[in-house]
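The values are calculated or read from the model by the stated rules, or taken from the named source; none is laboratory data. On a predicted model such as this, the values are computed, not experimentally measured, just so you know. Glycine also receives a Cβ, built like all others from the backbone with ideal geometry; neighbour counts cover every protein chain displayed. Accessible surface is based on the protein model in full, side chains and every heavy atom, while ligands, DNA and RNA are left aside. Shrake-Rupley method; radii C 1.70, N 1.55, O 1.52, S 1.80 Å.
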Amino acid sequence: MQNKKERQLIVKLCVTAMMVAIVFVGNYLRVKIPVSLGGTTSFTLANILCALAGILLGPWWGGLAAGLGSAIYDMLDPEYIIEAPITFLTKGMYGLMAGLILYYVFRSSREKYLPQAAATACAAVTYIVLYSVKNFFFNGMFLEGFTQPVQCWMLVVSKLPASLFNGVVAIIFAPVLGVALLRAIRAAHMDRLLA
């Protein structure tokens, strides 16, 4: 019994480390766009991978992989290094929410597209709200030094189209990858090790 738990933990740690690396690399798949307020915004494929981490690993390990992979990317980019701890929390919530909804609401139908899309949609909405709050307070008030709330709201609105686009892309494509990979994991009899 103890040997089985140790093996399961080692497999879970290895797969989590792999997902951290995949999320990290996925953050490089981005198109940066300058905005009039607050520097840049990005169209990125990393949100797909953050949701996928939650789909494959469940809420806790998936949240850790999504947050850590994204935070490491921020730590290596001078433009984002100051935001790394916040990114760890916001992107971690992406994986956490996707995993929570999928594993606790849709227990019996985890391997289907629609439950995974619903879980990813909840995760995307959560992330967009947290990202908007971060832009209002951290980017607007702290980094930019805006003193008027309207300035902070303009910053949030300037970054909202990219956030919505990234969320929609994740809702469409994370379940496509999730369905295929969960079936492959089950076929390889690794589902019991990752559960």
Item to complete: Any of Lys4/Lys91; Lys12/Lys91; Lys32/Lys134; Lys32/Lys112 with alpha carbons more than 28 Å apart? Name them for me.
Response: Lys4/Lys91; Lys32/Lys112
Fill in: Distance in nm between pseudo-label sites at Val150 and Val35 (7 Å out along the Cβ direction from Cα)
1.9 nm
Worksheet item: Cα-Cα pairs above 15 Å in the stretch 24-97: how many percent?
Response: 52 percent
Worksheet item: Can you give me the relative contact order of the stretch 100-178 as a percent, contacts being Cα pairs under 8 Å and 6 or more apart?
Response: 42 percent
Worksheet entry | Charged-residue dipole, Cβ positions (Lys, Arg, Asp, Glu), the stretch 43-195 about Cα centre, Debye nearest 20 | 660 debye
Worksheet item: Hey, what's the Kirkwood Rh for the chain if you take every pair of different alpha carbons, in angstrom?
Response: 17.0 Å
Item to complete: Taking DSSP loops as anything outside H, G, I, E and B, show the longest stretch in the chain free of GluC sites (Glu not before Pro) there with at most 16 other beta carbons within 10 Å.
Response: 1-78
Worksheet, complete the sentence: So the carbon and sulfur contribution to the accessible area of the stretch 1-63, 1.4 Å probe, in percent, is 72 percent
Worksheet, complete the sentence: Stokes-Einstein D for the stretch 110-195 (10 °C, 1.306 mPa s, Kirkwood Rh from Cα pairs), in µm²/s, comes to 106 µm²/s
Item to complete: For n ≥ 4 DSSP H runs only, could you compute -39500 (n - 2.57) per run for the chain, divide by its residues and tell me the 222 nm figure to the nearest 500?
Response: -24000 deg cm²/dmol
